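K.L.:
Can you keep this structure in mind? I'll have questions shortly.
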Amino acid sequence: MATTTRLGLPLLKAGQAQKEIWHNEALALIDLAVQATVTAVGLDEPPAVPVPGACWIVGSNPTGAWRGQARALAGWTEGGWRFVTPREGMAAWHQGTRSIVRYAEGQWRAAAAVVPAAGGATVDAEARATLAGLIAGLRELGLIA
């Protein structure tokens, strides 16, 4: 079967029978990968009762139905499990932490945590207020944890 280079989506062939099957499979995979939203990151065992449309990032040592799909996006659909192999730079919204996770150098990485300034001998209230506002805004956007 011929597939696309980046996401491995199935391609149709001229004169191919039952094209709707391959077309629907490609749409199901696109639905998982584009603007991905995940329930959890790094799970090795599939949930017992997944809900259609829910998506997870598989851990490093998957078991059961996820065996062989380390670090993939795993989505439960009406037709069962579907997987998308991550590509460098791919991002997903992690519902649990309300932040972005990004795939880089073979790993899913959470947004960096930023600790607000505290203490110190010299206090500049305006600078601290500005930094606190900036940090809050970045957290609101999910760019940092």
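K.L.:
With the contact rule set at Cα under 8 Å and sequence spacing of 6 or more, what percent relative contact order holds for the chain?
P.N.:
RCO, the chain: 16 percent.
K.L.:
Same structure again: Just to be sure I understand the model, the point goes 7 Å from the Cα along the line to the Cβ. What's the resulting Arg128 to Ala104 distance in nm?
P.N.:
3.1
K.L.:
Report, in debye and to the nearest 20, how large the dipole of the chain comes out about its Cα centre when Lys and Arg carry +1 and Asp and Glu carry -1 on their Cβ.
P.N.:
Result for the chain is approximately 260 debye, rounded to the nearest 20.
K.L.:
Dipole of the chain (Lys/Arg Cβ +1, Asp/Glu Cβ -1, origin at the Cα centre): which of Ala17, Gln95, Ala125 lies farthest to the positive side?
P.N.:
The residue sitting most towards the positive pole is Ala17.
K.L.:
For the range 49-66, in order, what is each residue's ³J(HN,Hα) by Karplus, 6.51 cos²θ - 1.76 cosθ + 1.60 with θ = phi - 60°, in whole Hz (x at glycine and Pro)?
P.N.:
Working through the residues one at a time gives 10, x, 9, x, x, 6, 9, 9, 9, 6, x, 7, 10, x, 10, x, 5, 9 Hz.
K.L.:
At a Förster distance of 35 Å, what's the computed FRET efficiency of Ala112 paired with Val51, Cβ-Cβ distance as r, to 0.05?
P.N.:
Efficiency, from the Cβ-Cβ distance: 0.70.
K.L.:
Quick check: pseudo-label points 7 Å beyond the Cα along Cα→Cβ at Gln16 and Thr85, how many nm apart are they?
P.N.:
With each label placed 7 Å out from Cα toward Cβ, I get 1.8 nm.
K.L.:
Right, another one. Please report the net charge: other residues with Cβ closer than 11 Å to the Cβ of Ala33, K and R +1, D and E -1.
P.N.:
+2
Read-outs throughout are calculated quantities, based only on the coordinates presented, and are distinct from any laboratory measurement. What you are looking at is a predicted structure, and each value in this text was computed from that prediction instead of being measured. Cβ sites come from the backbone with ideal geometry, for glycine too, and all protein chains shown count toward neighbours.
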